[in-house]
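First the structure, in the form of structure tokens, and then the observations on it.
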Amino acid sequence: MRFQRCHVRQNLRPGWPGMSTILCIDDEPSILTLHKLLFETHGYRVVTACAGADGIRALESGHVDLVLLDYRMPDMTGAEVAEIIRRVEPDIPIVLESAYPNLPSTETRNVDAYLVKGEPTEILVHTVKGLLARAA
């Protein structure tokens with residue numbers, strides 16, 4: 001199995017005052033593109049990373065208000081990424097998405113919300129808005 005190295009994509013221009021930044025971590029480029037378009041349409045700044053380790057580096061190198069991550073990735077699981085994020089930024093909201101509808105609680109204990117991929121985007125947007133409002 002070959003893994004390709006990815007680069008963190010971010011808009012280096014500062015966002016509008018009050019604009020929240022979402023870090024999306026997923027190994028599927030199409031999902032990253034979808035999330036970027038979806039959340040930019042709703043007025044958020046979006047940073048993307050296509051692997052857990054790249055996402056952690058992005059979190060450490062810039063301001064992030066919420067992390068949206070996939071569960072299954074080649075380099076580490078979303079649960080492992082969430083555990084590291086909790087050590088670095090204990091108060092940041094984390095949303096975990098997975099194709100698996102019944103992850104055990106040991107895999108979701110470090111996240112604020114767990115959603116099954118394929119649910120309507122309105123549910124994802126509502127969840128993100130709610131977590132950001134609660135964190136403000």
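The values are calculated or read from the model by the stated rules, or taken from the named source; none is laboratory data. As the structure is a prediction and not an experimental result, all values here were calculated from the model. Heads up, the Cβs are rebuilt from the backbone with ideal geometry, glycines too, and the neighbour counts pull from every protein chain shown.
Between residues in the range 75-102 that are at pLDDT 95 or above and residues that are aromatic (F, W, Y) and in a strand (DSSP E or B), which pairs lie under 6 Å by C-beta distance while being six or more apart or on different chains?
Taking only residues 6 or more apart or on different chains, the pairs are L96/Y114.
Yes or no: A133 over 14 Å from I25 (Cα atoms), out of contact with any Leu (no Cβ under 9 Å at 6 or more places or on another chain) and of a type in the set (G, A, S)?
yes
Across the range 5-37, what is the total count of residues that are more than 23 Å from L96 (Cβ to Cβ), surrounded by fewer than 11 Cβ atoms within 10 Å (Cβ to Cβ) and either out of contact with any Asp or Glu (no Cβ under 9 Å at 6 or more places or on another chain) or at pLDDT 95 or above (or both)?
6
Here's a check for you: in the range 110-136, which residue that is assigned to a loop (DSSP other than H, G, I, E, B) and out of contact with any Lys or Arg (no Cβ under 8 Å at 6 or more places or on another chain) is nearest to M19 (Cα to Cα)?
Checking each candidate, the answer is A136.
Give just the number: which of (1) crowded, with 21+ Cβ neighbours inside 10 Å; (2) not in a strand (DSSP E or B) does V67 not satisfy?
The failed condition is (2).
Looking at the range 36-54, which of its residues are touching a residue at least 40 places away in the same chain (Cβ under 8 Å) and over 17 Å from G130 (Cα atoms)?
Within the range 36-54, T48, A49, C50, A51, D54 meet the criteria.
Anything in the range 103-136 that is touching a residue at least 40 places away in the same chain (Cβ under 8 Å), polar (S, T, N, Q) and farther than 13 Å from L38 by Cβ? List them, or say none.
Residues satisfying the conditions do not exist here.
Can you tell me which of E97, E80, E60, E107 is surrounded by 18 or more Cβ atoms within 10 Å (Cβ to Cβ) and part of a helix (DSSP H, G or I)?
Result: E107 is the single residue among E97, E80, E60, E107 that is surrounded by 18 or more Cβ atoms within 10 Å (Cβ to Cβ) and part of a helix (DSSP H, G or I).
What number of residues within the range 50-71 are within 20 Å of V116 (Cα to Cα) and touching an Asp or Glu at 6+ places or on another chain (Cβ under 8 Å)?
7
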